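The structure under discussion appears below in the form of structure tokens.
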Amino acid sequence: MPQMNRDQRNAAWQAANQWRARAAQTQPTGLMGSLKLLLTWLAFGALMIVGVVLGLFFLLIGWAMMPFVRHKMKKRMEQMRADHAQDIGGSYTHSDASPGQHDALEGSYEVKDDHHRP
């Protein structure tokens, strides 16, 4: 540990002594001071207990909702996969097409006639 010079040590001791003096001044004196301190600690403890209970409550609700969220996400993934497969491969079943709708591949086509062969 590096050696502190005398002024730094004195400054640190002075700051510590000032802090100790302020802490001694703010200590409760008499019955009212003790009662305030007790009520402050009781309020702090009650708030801590309420916070822990609320945290556990929300943790349990989150755990209880996990299966439902998982099921919903699984259904969404299946739907996305089905949409992606339909985008890539098109619709192969005739029942998907509404009446009057024809499935066709886009592009340019040329019809070759076999009857005009020499």
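No value in this document is a laboratory result; all are computed from the given coordinates. From a predicted model like this one, the values you see are computed outputs, not experimental measurements. All Cβ positions, glycine included, derive from the backbone under ideal geometry; neighbour counts span all protein chains shown.
Side notes on the structure shown:
- Per the conditions (1) surrounded by 10 or more Cβ atoms within 10 Å (Cβ to Cβ); (2) within 30 Å of Glu106 (Cα to Cα), the sole criterion not satisfied by Asp87 is (1).
- Verdict on Leu31 being out of contact with any Asp or Glu (no Cβ under 7 Å at 6 or more places or on another chain), surrounded by 10 or more Cβ atoms within 10 Å (Cβ to Cβ) and either without any contact (Cβ under 8 Å) to a residue 24 or more places away in the chain or farther than 30 Å from Glu106 by Cβ (or both): no
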